[in-house]
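A short worksheet on the structure shown next.
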Amino acid sequence: MFNSLSDRLSATFKNLRGRGRLSEADIDATVREIRRALLDADVAVPVVREFTRAVRERALGAEVSAALNPAQQVVKIVNDELVEILGGQTRPLSLAKNPPTVIMLAGLQGAGKTTLAGKLALALKEQGHTPLLVAADLQRPNAVTQLSVVAERAGVPVFAPHPGNTSSEDIDAVIGDPVGVARDGVGEARSKQHDVVIVDTAGRLGVDQVLMQQASDIRSAIDPDEVLFVIDAMIGQDAVSTANAFAEGVDFTGVVLSKLDGDARGGAALSVAKVTGRPIMFASTGEKLTDFEVFHPDRMASRILDMGDVLTLIEQAEKAFDAEEAEKMAAKVAGGEDFTLSDFLVQMQQMKKLGSMKKMLGMMPGMAQMREQIENFDEREVDRVQALIQSMTPAERDNPKIINGSRRARIARGAGQTTAAVNGLLDRFAQAQKMMRQMASGGGMPGGGPGGMPGMPGMPGMPGGGKKSRGKQAPKKKIKGKSGNPAKRAQQEREAMQRALGGGGRKPASAGSAFGVGGDQPEAADVENLELPSDVSKLLGGR
């Protein structure tokens, strides 16, 4: 959603790189570009004014003039101010001391309240809670039926004593008593010992007095611990006026951004926290019930500035991977046993639990430069590799060396693919197996990082994933003799020092992250020259 804003800000900061000192004119020009980028992204004008004023004041202060790298310090200031307008810090749900915790959902029709109710219920269920959904939207046609279907998919019960409006002829007709349903739903949860109640309320196509009165009456009847205002992140500048109207009429306690995976500019949604003073608590990032996450202002600012969101990626991996299977694999490697295609199939199935590979790659720092390749990545490649392995017999998976020409043809037919696809998988797997043997002998994980999964043939970011990895290494360049020119000789000496430190002739990384905030991430200015694993280049179409 924030691709356009991210690209504009990245281009602005790129112009600052390499400057040892920033003049007031440089800062004014940078602030001007930031203002244009925010306005183009639909961020509310009052928020833009306050944001740029704070950035300019801090950029002209001592923290930039005395910094070793003024350009990175400016971007750190922008990052800090972005975090501030997004809410400052993560705000979790406030659970009642005496259950049940009552959560009321409010918002306009079409914002995604009903689907979000199922997503929130599933997330709470996974945390050990016992949520109950209450169908208090008796106005929108078939809203009760939709909530029942969502509840079934999430595996949670639903309280729906009234079918609501089942006709599309009069979408404004309110059938039954939504206030009474909400009140009875809380009583049902208390008697059945559910510790969380999520009440889905009706919306309107626009803000009106009837909507606000009904929402206010429901709030008074159930006395909720949390009132979550669900807002469509793609509605543009109306987001601010709608949020203000609900803040006055219902007095919500938190905001949920829905449809955050859309391609609209979405900046107005980022203004809601600053304008209303209520925190953004959750974000809906897709259509599946699992496409739901806690909103972290610092991580969202990091994504907007193309610094990635590695912490969220790690959290998703921790949820997806089976600790028991990981221990088995570690014991197998330590025992010197060979890594087999059966082992790889297990890892492939765990990999699929992480969700979309595009989203995973998008959370990596500096990947904005490869956005087009990521968008063109075929998610079905994972299924193709899995189909090939499942077409093999157990003996073939444990010992790929027995797979001769006739076996390869049979495997290809079974998976609906070509023999060349089988050959490519086996060649890449041989590289992964070799890597695992090096690990077993104490050689570490070549080309990988701590916590990475070993040998994922054909998978982005994993060793042994492309044909280029099997090629011969390029011969090392001979070091030329020292030049008689002092400047050129100094340059040669710097390059020699970088090679000795493993820099490969590239500029040494700064102590900060891509924008001077955080840890060991590549310099944003060097993203275009970023050396990616061969399997990433292959899958993304090369560069």
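The values are calculated or read from the model by the stated rules, or taken from the named source; none is laboratory data. Note that this is a predicted model, so its numbers are computed, not measured. Glycine also receives a Cβ, built like all others from the backbone with ideal geometry; neighbour counts cover every protein chain displayed. For accessibility, only protein heavy atoms count, side chains too; no ligands or nucleic acids. Shrake-Rupley method; radii C 1.70, N 1.55, O 1.52, S 1.80 Å.
Which trypsin sites (Lys or Arg not before Pro) in region 52-129 pass both tests, a DSSP loop state and at most 10 other beta-carbon atoms within 10 Å?
Details: sites: R53, R56, R58, K76, K97, K113, K119, K125; in loops: K97.
Passing sites in region 52-129 are K97.
Ignoring ligands, DNA and RNA, how do R32, R408, R204, R153 rank by accessible area with a 1.4 Å probe, largest first?
R153, R32, R408, R204
Pop out the carbon and sulfur fraction of the accessible area of region 152-256 as a percent, whole number, probe 1.4 Å.
Ligands and nucleic acids excluded, carbon and sulfur reach 45 percent.
Of D28, D137, D7, which has the most accessible area with a 1.4 Å probe, and how do the rest follow in descending order?
Greatest to least solvent exposure: D7, D28, D137.
Tell me, what is the 1.4 Å probe accessible area of H162, in Å² to the nearest 10?
Spelled out: H162, probe radius 1.4 Å, area about 60 Å².
Hey, which of these cross-link pairs are over 31 Å Cα-Cα: K119/K274; K192/K274; K14/K113; K113/K192? Kindly include the intermediate steps, with their values, before the conclusion.
Working: K119/K274 26 Å; K192/K274 39 Å; K14/K113 40 Å; K113/K192 24 Å.
Pairs exceeding the cut-off: K192/K274; K14/K113.
Relative to a virtual label point 7 Å from the Cα of R153 in the Cα→beta-carbon direction, which members of region 186-214 show backbone nitrogen distances below 20 Å?
198-203
Would you mind computing the Rg to Rh ratio of region 125-213 from its alpha-carbon coordinates, Kirkwood style for Rh?
Here the Rg-to-Rh quotient is 1.00.
Compute the normalised compactness of region 51-158: alpha-carbon radius of gyration over 2.2 N^0.38 Å, N being the residue count.
1.69
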